[in-house]
1. I'm trying to understand the selection: among the residues of segment B:16-41, which are more than 24 Å from A:S27 (Cβ to Cβ), more than 10 Å from DNA strand C (Cβ to nearest atom) and surrounded by 18 or more Cβ atoms within 10 Å (Cβ to Cβ)?
2. Does segment A:45-78 hold any residues that are without any contact (Cβ under 8 Å) to a residue 40 or more places away in the chain and of a type in the set (S, T, N, Q), and which are they?
3. Output the residues belonging to segment B:20-47 that are hydroxyl-bearing (S, T, Y) and within 13 Å of DNA strand D (Cβ to nearest atom).
4. Scan segment B:168-181 residue by residue and report those that are assigned to a helix (DSSP H, G or I) and without any contact (Cβ under 8 Å) to a residue 60 or more places away in the chain.
5. Is it the case that B:E137 is more than 30 Å from A:Q116 (Cβ to Cβ) and more than 18 Å from the chain's Cα centre (by Cα)?
6. Going through segment A:30-44 one residue at a time, which ones are without any contact (Cβ under 8 Å) to a residue 12 or more places away in the chain and under 18 Å from B:A111 (Cα atoms)?
7. Please determine, by comparing only the residues of segment B:71-89 that are touching a Lys or Arg at 6+ places or on another chain (Cβ under 9 Å) and away from chain A (no Cβ under 14 Å), which one is farthest from DNA strand C (Cβ to nearest atom).
8. Give me the residue from segment A:112-165 that is part of a helix (DSSP H, G or I) and small (G, A, S) and, out of that set, nearest to the other protein chains (Cβ to nearest Cβ).
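The values are calculated or read from the model by the stated rules, or taken from the named source; none is laboratory data. This is a predicted model, so every value here is computed, not measured. Glycine gets a Cβ as well: all are built from the backbone with ideal geometry, and neighbour counts include every protein chain shown.
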2 protein chains.
Amino acid sequence: MPKDRSPTRIQKKNRAAILEAALEVFSAHGFRGATVDQIATQAGLSKPNLLYYFPSKEAMFTALLSELLDTWLDPMREINAQGDPMEEILAYVQRKLQMSRDFPRESRLFANEIVQGAPRMLDALSRDLRDLLEEKEQVLAGWMAAGKINQTHPKHLVFSIWALTQHYADFDVQVRMLMGDEDPFDAAPEFLDTLYRRMLTPKS
Amino acid sequence: MPKDRSPTRIQKKNRAAILEAALEVFSAHGFRGATVDQIATQAGLSKPNLLYYFPSKEAMFTALLSELLDTWLDPMREINAQGDPMEEILAYVQRKLQMSRDFPRESRLFANEIVQGAPRMLDALSRDLRDLLEEKEQVLAGWMAAGKINQTHPKHLVFSIWALTQHYADFDVQVRMLMGDEDPFDAAPEFLDTLYRRMLTPKS
DNA sequence: CGTGAGTTTGACCAGTTGGTCAAATCCATC
DNA sequence: GATGGATTTGACCAACTGGTCAAACTCACG
């Protein structure tokens, strides 16, 4: 394993190559389904060389997770309690949908792990996600109480946004199989915008 | 492998026990993550005995899939083109939500497979699901054209129902972690009912 | 240049896994 | 209760997998 002084040029390049390859392979096959050899080939390095940079397969996975989780939660952090409620929520939905379009591998990485009970992720989730959700839940509840948006269960509202947006990344093959030539992401933004507008616009 | 005459009492019992065990293990770990030994232990049989009833691990998986796919698509088949549009859709949503509550393992089995590109399922899906969706899409489009429900993209409408309902099964650990003591399925029926009612009720 | 730390790898190992097989056991039927 | 097919399994195998290690190679720096 490289010493933990400031990383050399080679260390920086190889660590990045390994994590990129790990994302590709882990997101496609899950933790158990991925092999170190696959990741090595994908990264253009030898297997022992990977294990020179990371002590184990598990270490690659957790390093990848902690690198990605922050980015993954950013769209939610950006929800501004002082902004216009309806527009804040709609913008959040669109940001999350963009994430599914632009980073489907990241979405599938998390999906794979959570579907199987998140054995390697539950700690990170309960540390970073729980508080963030609670904070934004308060914001949503406030907007509802003030009559700015229609009343609903704030947690289920957030879950619905996650479910609807991530579905386009996680179930990509199914969605594309059923949509034929049409790109799902052509109509999805408007569909979700309409859905949440109708759902949340307060009755006059 | 048992001869393919009419199955004996023992064959019926053991095949059923194996498929039940396979569902338990495959849904929790995915195809690659599951081992034949795990399934054998779960079924209370020896590994060679499993392979007496099914020629391979893959055969267990595909047998399980084809047994479940029909049941899985039933809620959608029940949508009645002659019924009341809004109530038909809302009833479909509730049926699908019940499936997530009552058969989460089945939901996760499909989720696991589709997230990873559905390598062992795409054929079955494109055979059974494609036609069914196209049929119901026509029904929905008809209802929209007749002004019975609000206009939207019918395919995305169906995807949204799948995403929202299956989310409670597939992301169960995450949802429960974030909801604490509260059972997600307490508020979910009303939440989804409200969501689709607001979304689909035609403007006066 | 030379030199020592940083990097790379071929060969190897132990544990796991899907699958085989011959022998043993069970069980329905006569 | 004998008999032949159905069922079960212990022992085994080859392939794969995560990980190790000593030896070789590369590179930055004096």
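1. B:I18, B:L19, B:A21, B:A22, B:L23
2. Passing the criteria: A:S46, A:N49, A:S56, A:T71.
3. Matches in segment B:20-47: B:T35, B:T41, B:S46.
4. Within segment B:168-181, B:V173, B:Q174, B:V175, B:R176, B:M177, B:L178, B:M179 meet the criteria.
5. On the way: more than 30 Å from A:Q116 (Cβ to Cβ): yes; more than 18 Å from the chain's Cα centre (by Cα): yes.
In short, yes.
6. A:R32, A:G33
7. Ranking the candidates gives B:D84 first.
8. Here is the first cut: in segment A:112-165, the residues part of a helix (DSSP H, G or I) are A:112-115, A:122-145, A:154-165.
Now restrict to residues that are small (G, A, S): A:124, A:126, A:141-142, A:145, A:160, A:163.
On the way: A:A124: 11, A:S126: 6, A:A141: 14, A:G142: 19, A:A145: 17, A:S160: 6, A:A163: 4 Å.
So, considering only residues that are part of a helix (DSSP H, G or I) and small (G, A, S), the one nearest to the other protein chains (Cβ to nearest Cβ) is A:A163.
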